[in-house]
Amino acid sequence: MMYPGVDLGEGDAGFVIGNGTVAVLLIHGLTGTPAELRRVAQGLAKRGCTVFVPTLAGHCGDNADLRATRWGDWFASAQRAFDGIRALYAQVFVGGLSMGSLLSMYLAAQNPGRVTGLLLYSTTLRYDGWNMTPLAPFTPLFMSIPFGVHLCKFVEKSPYGIKNPRLRAIIEKQMLAGESDNAGLLMMSGVSVRELHRLIAKVKQSLPGMTTPALVLHSREDDITSTWNADYIERRSGGPVTKILLDNCYHMITVDLEYPRVIALSAEFIDTLRLEQPPASAPVPRLQECAS
């Protein structure tokens, strides 16, 4: 194993790719999997980055595994990976998809001055996209009543955040077959919904004090989370924000029709903050991809 000091989580879904002197930590979404970030990781690796994509606690298993974890466990997974990477690289960018974006922001807030920049994809501060149930805004109310956590659950439904019909069919087949390593879980329990809301509250509280530069990418057609989420970050973040809205994709922008643009915009953002000369202590480039 080439990065023994970097915790990529349980199982073998997490991976590292690239041989650059700048590191990128990418964090998958709630009920998601590192596979949803592979295309972006490969693209950034080709542009001079070493990209680490760990598996969060409770993920890539079944719903019982996820229910047994709390938001603090998900954050601890990201923090452990970051600590290992930061010990090797002077510049570390952190990004994520959906809930992974929330963890990225909270990581930057909890590690002031240590995160070089943020890559925030389809940030989920509230479920208000065009394909969401009208009851979604009332989820916090349900959670506040006795046993309310058992009344709420989120079930993925078509189009599953994907505008590309061919890819959507593949993901749907994998979800229905229970291939959580590749496609994530089809259902999220009330316990996980509650923990997500607790994480959102922490992120909102810490956002004004977070000064890390951020690239915010969001689809105008997001079926899960509207552009309000991107606007909120732009308004409330304590650091500089570059917000760009995409036109031809849904929520899963890292795999959908505009993923090449996501790669290009992310690489450009990284280049604007990259040190002109790599530090003398930069690790020797590793050429191959390795799994945890």
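The values are calculated or read from the model by the stated rules, or taken from the named source; none is laboratory data. Just so it is clear, the structure is predicted and the values come from calculations on it, not from any experiment. Glycine also receives a Cβ, built like all others from the backbone with ideal geometry; neighbour counts cover every protein chain displayed. Protein only, heavy atoms only, side chains kept; ligands, DNA and RNA dropped before computing areas. Shrake-Rupley method; radii C 1.70, N 1.55, O 1.52, S 1.80 Å.
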Inset, instruction - Considering every residue within the stretch 223-231, establish whether at least one is hydrophobic (A, V, I, L, M, F, W, C) and either free of Cβ contacts under 8 Å to residues at least 40 places away in the same chain or more than 12 Å from Thr124 (Cα to Cα) (or both). - result: no
Legend entry - Unmet requirement for Thr31, which otherwise passes all of (1) farther than 15 Å from Leu102 by Cα; (2) within 15 Å of the chain's Cα centre (by Cα); (3) touching a residue at least 60 places away in the same chain (Cβ under 8 Å): (1)
Legend entry - the stretch 1-22, residues that are within 18 Å of the chain's Cα centre (by Cα) and not in a loop (DSSP other than H, G, I, E, B): Phe15, Val16, Ile17
Legend entry - Where a residue in the stretch 49-69 is in contact (Cβ under 8 Å) with a residue 24 or more places away in the chain and its partner, wherever it lies, is among the β-branched types (Val, Ile, Thr) and open to solvent by 30 Å² or more (accessible area, probe 1.4 Å), with Cβ under 9 Å and at least six apart: Cys49/Thr21; Thr50/Thr21
Inset, instruction - Just give me the residues in the stretch 146-193 being open to solvent by 60 Å² or more (accessible area, probe 1.4 Å), touching a helix residue (DSSP H, G or I) at 6+ places or on another chain (Cβ under 9 Å), in a loop (DSSP other than H, G, I, E, B) and modelled with pLDDT under 75, in sequence order. - result: Leu151, Lys153, Glu179
Inset, instruction - Being at pLDDT 95 or above and surrounded by fewer than 24 Cβ atoms within 10 Å (Cβ to Cβ) narrows it down to one of Ala45, Ala23, Ala13, Ala64, so name that one. - result: Ala45
Inset, instruction - Restrict the check to the stretch 240-247 and report whether at least one residue is at pLDDT 95 or above, surrounded by fewer than 20 Cβ atoms within 10 Å (Cβ to Cβ), in contact with a helix residue (DSSP H, G or I) (Cβ under 8 Å, 6 or more places away or on another chain) and closer than 26 Å to Ala76 by Cα. - result: yes
Inset, instruction - Could you tell me which of the residues Leu217, Leu207 is open to solvent by less than 20 Å² (accessible area, probe 1.4 Å), out of contact with any Leu (no Cβ under 9 Å at 6 or more places or on another chain) and not aromatic (Phe, Trp, Tyr)? - result: Leu207
Legend entry - Out of Gly58, Gly84, sole residue that is assigned to a loop (DSSP other than H, G, I, E, B), out of contact with any strand residue (DSSP E or B) (no Cβ under 8 Å at 6 or more places or on another chain) and of a type in the set (Gly, Ala, Ser): Gly58
Legend entry - the stretch 248-261: number of residues that are free of Cβ contacts under 8 Å to residues at least 40 places away in the same chain and open to solvent by 70 Å² or more (accessible area, probe 1.4 Å): 1
